[in-house]
1. Give the Kirkwood hydrodynamic radius (Å, one decimal) of the range 84-181, defined as one over the mean of 1/r across all pairs of different Cα atoms.
2. When N counts the residues of the range 10-129, how does its alpha-carbon radius of gyration compare numerically with 2.2 N^0.38 Å, as a ratio?
3. Normalising by the residue count of the chain, find the relative contact order in percent from Cα pairs under 8 Å and 6+ residues apart.
4. Among Thr177, Thr112, what is the fewest-to-most ranking by other Cβ atoms within 10 Å?
5. At q = 0.07, 0.09, 0.15 Å⁻¹, what is the base-10 log of I(q)/I(0) for the chain according to the Debye formula with one equal point scatterer per Cα and no solvent? Please give it to two decimals.
6. Just to compare against my own numbers: the Cα pair-distance distribution for the range 59-109, 5 Å bins, whole % per bin, please.
7. Can you put Ser211, Ser315 in order of Cβ neighbours within 10 angstrom, beginning with the fewest?
8. What do you get when you divide the Cα radius of gyration of the range 339-412 by 2.2 N^0.38 Å, with N the number of residues?
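Nothing in this text is a laboratory measurement; each read-out follows from the coordinates by a stated rule. Everything quoted here is computed from the prediction, not taken from an experiment. All Cβ positions, glycine included, derive from the backbone under ideal geometry; neighbour counts span all protein chains shown.
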Amino acid sequence: MIPRLKASLGLKELLSALSFSKKNAILAFEKRFADLMKARYALAFPYGRTALSLGIEALHIQNKEIICPAYTCVVVAHAITYSNNTAVFVDSCPFTYNMDLTLVEKAINENTGAIIVTSIFGTPVDLEKITDIQNKYPHIKIIQDCAHSFGAEWQGNLVSNHGDFAIYGLNISKIMTSIFGGMLTANNFEIYQQIKTYRDKKLRENSFKKSLMRCLYFLSVYIAFNKTIYSIIYGLEKRGWLNRFVKYYDDSRIDMPKDYLEKMTPIEARVGLAQCDKYESIIHHRKKLARYYENKLKDYPFLKLPAMNAGATFSHFVIQTKLAAEIISYFEENNIQLGTLIDYHIPSMRAYQKNPYFSQQVSESLPGQMINLPIHTGVSQKDAEKIIDTFRAFFSIYTHSLQVDNAHSRSS
Ligand SMILES: *Cc1c(COP(=O)(O)O)cnc(C)c1O
């Protein structure tokens, strides 16, 4: 079985998680994270969405419009709403799936407080165009959502270091993980101070219960990612038994986890610290595998491959195809699990139907057409070859069935 998702958690993370006597793990994680991202400052949060919401509040952006992608993780819209601002959605560019920056200009008005720029799936946003917007509207804050784009570069410059601050998600589905958790990086001292002071005022101490639950969650994930046991979990997921835990959004609700204002726990910081040592090799693996997939799949019709920007870091290797459902079930029969991120469109969700939306009819058609290939560090070269062979087999059956259909329609 090749799972769609597998955090790179090894003995090192386990030992680090269990080093209960280690002091100042959170400060150490922040410092190490800032170094990795080549940023001056980093601040730890319980979730990426908390970093976003409190970062906006700390900069005194209130009762404003905040522009964000229509096609992104729904928690971004929730974080904007929780900060007492209105999310204004902007459609995607059909090639990169990033927010279309020409449309962003149309969405800007005198009440715009900030723009959340996202390098979705790790494909870097065009920093030159963003600089143009900044020069034209210097009072509008630029926030980089780097939850998908750790280390992504636009022409050699890290997207995370462009703008007022950047946020990152660190749950187990992200490029690197601290179990749950989020980070914020900034390079301007005043902005850093302002957000740090505000964060320290708003976040309460984490409870013993939370630390214990995080520890148990970590141990169960650690075990679940073990090859043999993963197939059991996968079986449960397939039967829908895990939906209660896996499906994390409700179309009509805007909410946050109960502990979203409780500090990151030290056990999370210790896991995060151990992950920092692997960061370079994780990114290297993803880039290499993406090149391999692209090279092997580029000649198939019916598959629209990612934009393959040189600075992309591939949180997901996404393929757009009308055959998504057929491909997913064929792969499932062959014990390969494909991802379907992002399988919703925020402006169409009941909770956000009244928010402004600048559309060019791109992102509304993406849910149901997106598949992503396993690209985590658990995918070996042999696994990658199996994935390519499975595509070949799928298309040979599929084109054969098309020919049979054609022959039928001609003869009837
Ligand atoms: C995961 C994610 C976030 C926030 O992460 P959490 O830690 O789950 O709050 C923000 N933006 C995008 C695009 C994400 O995928």
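1. Computed over the range 84-181, the radius equals 14.1 Å.
2. 1.29
3. 24
4. Sorted ascending by nearby Cβ count, the order is Thr112, Thr177.
5. -0.33, -0.55, -1.54
6. 5, 22, 28, 22, 17, 5, 2
7. Ser211, Ser315
8. 1.71
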